[in-house]
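Before any comments, here is the structure.
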Amino acid sequence: MAKVQAEVREAFKGKKRVEESDVQALKYLKLVIKETFRLHPPIPLLPRACRDECKVHGYTIPLKSKVMVNIWAMGRDPEYWHQPETFQPERFENSSIEFLGNNFEYIPFGAGRRICPGMNFGLANVELPLAQLLYHFDWKMPKGMSPDDIDMTEAEGIAVSRRNGLFLVPTIYSASN
């Protein structure tokens, strides 16, 4: 978190507010968000229907069969991702992989004609608030807790959520601190 927070604070040094137009300059913040969506896609399973009968790994999938695309597993596939369980935003640094669904190993918002129509709205509702939280606050673990104590287990459901809440202690940051 220190690296992304340093980027945000350097980019907006002296400003009272972070504006939506300012977020475009935050390259590392965007990498952090991409990596977060790789490991924790908003919707882990995408329902689809087969338009044609096809074979997948020797199994026949009949016409109009309902199938689920497991985006959660795709984001953790060692065939496509080096150390897939490691949070490593830099993996996207020199990569052409984007949210648009053109790279089928990374489709947190789906792909093709069925890509999420709210993708840009959703990203804006992550980028700006996250930049503001990182700019205006320092974050610490509650007393007696270490990063190893954080349980990142996800709850089952249509959308991804954590099984247990994450509690952090915010302290107002002032550039003069």
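The values are calculated or read from the model by the stated rules, or taken from the named source; none is laboratory data. Since we're looking at a predicted model, the values are computed, not measured. As a convention, Cβ positions derive from the backbone with ideal geometry for all residues, glycine included, and neighbour counts pool all protein chains shown.
Summary table
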read-out	value
Subset of segment 2-35 (residues that are surrounded by fewer than 16 Cβ atoms within 10 Å (Cβ to Cβ), assigned to a helix (DSSP H, G or I), out of contact with any helix residue (DSSP H, G or I) (no Cβ under 6 Å at 6 or more places or on another chain) and not basic (Lys, Arg))	ALA2, ALA6, GLU10, SER21, GLN24
Among the candidates MET68, MET74, residue that is surrounded by 13 or more Cβ atoms within 10 Å (Cβ to Cβ), at pLDDT 90 or above, over 22 Å from GLN132 (Cβ atoms) and among the aliphatic types (A, V, I, L, M)	MET74
Any hit, segment 145-153, residues being over 16 Å from the mean Cα position of the chain (by Cα), surrounded by fewer than 12 Cβ atoms within 10 Å (Cβ to Cβ) and not in a helix (DSSP H, G or I)	yes
Single match in PRO108, PRO84, PRO129, PRO89 (criterion: under 15 Å from the mean Cα position of the chain (by Cα), farther than 15 Å from LEU46 by Cβ and in contact (Cβ under 8 Å) with a residue 60 or more places away in the chain)	PRO89
Tabulated pairs, segment 136-158, first closer than 30 Å to GLY14 by Cβ, second aliphatic (A, V, I, L, M) and surrounded by 10 or more Cβ atoms within 10 Å (Cβ to Cβ), C-beta under 7 angstrom, 6+ apart or interchain	TRP139/MET1; TRP139/LEU168; LYS140/LEU168; LYS140/VAL169; MET141/LEU168
Selection count, segment 77-105, where residues are at pLDDT 90 or above and under 12 Å from PHE37 (Cβ atoms)	3
